[in-house]
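The values are calculated or read from the model by the stated rules, or taken from the named source; none is laboratory data. As the structure is a prediction and not an experimental result, all values here were calculated from the model. So basically every Cβ, Gly included, is an ideal-geometry build from the backbone, and we count neighbours across all protein chains shown. What goes into the accessible areas is simple: the full protein's heavy atoms, side chains included, and nothing from ligands, DNA or RNA. Shrake-Rupley method; radii C 1.70, N 1.55, O 1.52, S 1.80 Å.
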There are 2 protein chains.
Amino acid sequence: MGALTEIASNKVFGGFQKVFSHESKYLGCVSKFGVYLPPQAEEKKLPVIYWLSGLTCSEANFIEKSGAQRYASEHGVIIVNPDTSPRNLNIAGDSESWDFGVGAGFYVDATQAPWKNNYKMFSYVTSELIQIISENFPILDGKQSIMGHSMGGHGALICSLKNPGLYKSVSAFAPICNPSECPWGVKAFTGYLGPKESGEWAQWDATELVKSYNGPPLELFIDQGSEDNFLQAKQLLPENLVEACKTHHVPVIYKKREGYNHSYFYIASFIEEHIKYHAEYLQK
Amino acid sequence: MGALTEIASNKVFGGFQKVFSHESKYLGCVSKFGVYLPPQAEEKKLPVIYWLSGLTCSEANFIEKSGAQRYASEHGVIIVNPDTSPRNLNIAGDSESWDFGVGAGFYVDATQAPWKNNYKMFSYVTSELIQIISENFPILDGKQSIMGHSMGGHGALICSLKNPGLYKSVSAFAPICNPSECPWGVKAFTGYLGPKESGEWAQWDATELVKSYNGPPLELFIDQGSEDNFLQAKQLLPENLVEACKTHHVPVIYKKREGYNHSYFYIASFIEEHIKYHAEYLQK
């Protein structure tokens with residue numbers, strides 16, 4: 001495990017919003033992540049919530065725009081947010097579109113060349129990053145939850161569904177709920193996982209994964225703005241996930257927010273509720 | 001007065017964060033400003049707080065990073081935030097440095113060529129913008145306050161000190177308090193106002209203006225992070241302003257925030273307190 005390099009530290013709401021870089025074993029590149037350490041972290045070990053961002057984001061968007069630090073400070077939780085893909089690898093085709101390659105890792109482990117050596121965001125988030133965080137910060141062992149937005153909402157859902165018991169709770173803002181059936185997902189999965197006939201897609205699609213979920217009780221908290229243009233464009237498909245949850249007896253909370261769109265203005269308006277939700281699970 | 005063009009509208013904390021553009025008479029260009037309309041604006045007229053941003057900012061920084069919308073919604077106040085300079089004029093030299101010209105209007109009315117025809121941010125903010133806002137939004141007549149950050153903190157101070165009674169209250173985060181005596185101010189004032197011998201500088205310098213303030217009681221609320229590198233570099237000089245206030249019996253609140261720097265993380269941490277402060281004056 002390589003050492004961490006601190007590249008930013010700003011006091012905010014009594015704690016510190018930091019950014020670190022490190023050499024990632026899984027990603028084969030230098031990767032950055034944010035860590036918010038609330039004031040309570042100076043005195044004791046705390047639970048941690050992971051945040052996964054959406055398409056085109058780096059670690060910066062959430063840090064600057066979500067306003068999460070206030071609520072993390074109030075509830076005494078650490079928040080960690082990784083980048084959305086490997087960086088600076090210059091793989092042919094990795095920067096030709098905003099919804100594939102750099103900024104668009106989709107939180108899968110790629111099986112296809114030329115992506116399979118580095119595009120392993122799933123293993124990075126669920127294994128390497130958890131180990132780094134537990135080794136370097138005052139984390140209560142096993143007390144972790146996960147949330148995300150859009151592509152990162154998809155990421156949060158599959159990370160929790162594929163690792164029963166690893167996260168105490170999961171929530172998602174406007175997640176891509178059924179990537180096998182939407183244009184973004186079809187493009188990304190074809191590139192990273194091969195054609196649908198490969199049989200790989202269902203292993204990375206929340207709507208498919210709930211159908212075979214077999215682990216400790218896990219409630220999915222899905223949040224969605226009613227005026228989200230990507231909802232209207234059928235990129236998100238929450239109705240498919242909610243239906244699969246009902247059929248397969250996976251508890252789901254589906255909150256529709258009247259008038260809100262897909263932006264960080266929407267996230268900022270409701271992140272307090274999500275952090276409170278996770279904090280309750282993490283303090284059990 | 002030209003018409004407004006709405007160029008963004010996002011629901012946030014129950015209200016709408018909007019951005020408009022318009023042809024400015026004083027600036028001689030198309031200018032943008034943000035308006036946050038809290039939910040109460042749908043039913044009644046409200047007070048308004050103006051926010052002036054710092055060097056290099058456009059209207060976007062405050063909108064995306066301050067988190068002010070939550071508190072504006074809680075207190076039922078509209079927030080308006082203009083750009084920091086004229087744009088797209090291509091005046092020779094307007095983009096050669098980050099602390100002069102575009103993004104650095106310093107909220108003065110320039111007297112020197114080639115700036116004097118367009119760099120009139122003072123008149124824009126204190127006259128044209130107030131009229132536009134009152135004509136287009138549900139504003140309680142005369143119920144307005146002003147705040148800002150760094151160069152915009154200087155702007156808030158001089159706008160209120162030069163217009164006794166126009167604003168009900170004024171506050172500033174890490175303001176440039178004595179521009180005649182700091183490198184940023186000397187550069188900007190020399191360019192916009194001519195050499196110090198012109199005698200113009202004292203008319204645009206809060207520390208000088210408090211010495212001759214003669215109007216309704218006005219309390220200056222100055223906020224300052226202790227770890228602000230621009231404080232350490234003697235760009236801000238709050239001690240000069242506080243001293244002048246004491247000598248000339250102008251009430252001043254000076255709050256030092258231990259460990260905070262010059263960033264929007266600092267602003268986000270304390271903007272609730274400022275909005276509450278203004279709301280109390282505005283509801284009198």
Task: Of residues in segment B:1-28 being hydrophobic (A, V, I, L, M, F, W, C) and surrounded by fewer than 20 Cβ atoms within 10 Å (Cβ to Cβ), the one nearest to B:His262 (Cα to Cα) - done: B:Val19
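One line per residue, one yes/no per condition, for (1) in contact with a strand residue (DSSP E or B) (Cβ under 9 Å, 6 or more places away or on another chain); (2) small (Gly, Ala, Ser); (3) within 14 Å of chain B (Cβ to nearest Cβ):
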position	(1), (2), (3)
A:Leu4	yes, no, no
A:Lys18	yes, no, yes
A:Glu23	yes, no, no
A:Leu27	yes, no, no
A:Ser53	yes, yes, no
A:Ala60	yes, yes, yes
A:Gly76	yes, yes, no
A:Leu89	yes, no, no
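Look through segment B:29-45, keep the residues that are free of Cβ contacts under 8 Å to residues at least 40 places away in the same chain and either part of a helix (DSSP H, G or I) or within 14 Å of another protein chain (Cβ to nearest Cβ) (or both), and return whichever of them is most open to solvent (accessible area, probe 1.4 Å).
Taking segment B:29-45 as the starting set, the residues that turn out to be free of Cβ contacts under 8 Å to residues at least 40 places away in the same chain are B:39-40, B:42-43.
Narrowing further to those that are either part of a helix (DSSP H, G or I) or within 14 Å of another protein chain (Cβ to nearest Cβ) (or both): B:39-40, B:42.
Details: B:Pro39: 46, B:Gln40: 49, B:Glu42: 146 Å².
Checking each candidate, the answer is B:Glu42.
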TODO: Inspect segment B:274-282 for any residue being touching a helix residue (DSSP H, G or I) at 6+ places or on another chain (Cβ under 9 Å), over 25 Å from B:Ile78 (Cβ atoms) and either open to solvent by less than 30 Å² (accessible area, probe 1.4 Å) or of a type in the set (A, V, I, L, M, F, W, C) (or both) and give the result as yes or no.
DONE: no
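Just checking, which of B:Pro195, B:Pro183 is open to solvent by 10 Å² or more (accessible area, probe 1.4 Å) and closer than 20 Å to B:Pro238 by Cβ?
B:Pro183
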Task: Leading residue by the ranking (nearest to the other protein chains (Cβ to nearest Cβ)) among those in segment B:91-110 that are part of a loop (DSSP other than H, G, I, E, B), open to solvent by 20 Å² or more (accessible area, probe 1.4 Å) and of a type outside the set (Asp, Glu) - done: B:Trp98
Task: Test: A:Ala268 is surrounded by 13 or more Cβ atoms within 10 Å (Cβ to Cβ) and within 14 Å of chain B (Cβ to nearest Cβ) - done: yes
TODO: For segment A:252-275, state whether one or more residues are part of a helix (DSSP H, G or I), touching a strand residue (DSSP E or B) at 6+ places or on another chain (Cβ under 7 Å) and of a type in the set (Lys, Arg).
DONE: no
Task: Listing of strands (runs of 3 or more DSSP E) fully contained in segment B:113-227 that carry 1 or more residues being within 14 Å of chain A (Cβ to nearest Cβ) - done: B:170-173, B:220-225
Task: Yes/no for B:Pro114 being open to solvent by 10 Å² or more (accessible area, probe 1.4 Å) and either more than 22 Å from B:Asp94 (Cα to Cα) or touching a helix residue (DSSP H, G or I) at 6+ places or on another chain (Cβ under 7 Å) (or both) - done: no
TODO: Among the residues of segment A:240-252, write down those that are under 21 Å from the mean Cα position of the chain (by Cα) and open to solvent by 50 Å² or more (accessible area, probe 1.4 Å).
DONE: A:Asn240, A:Pro251
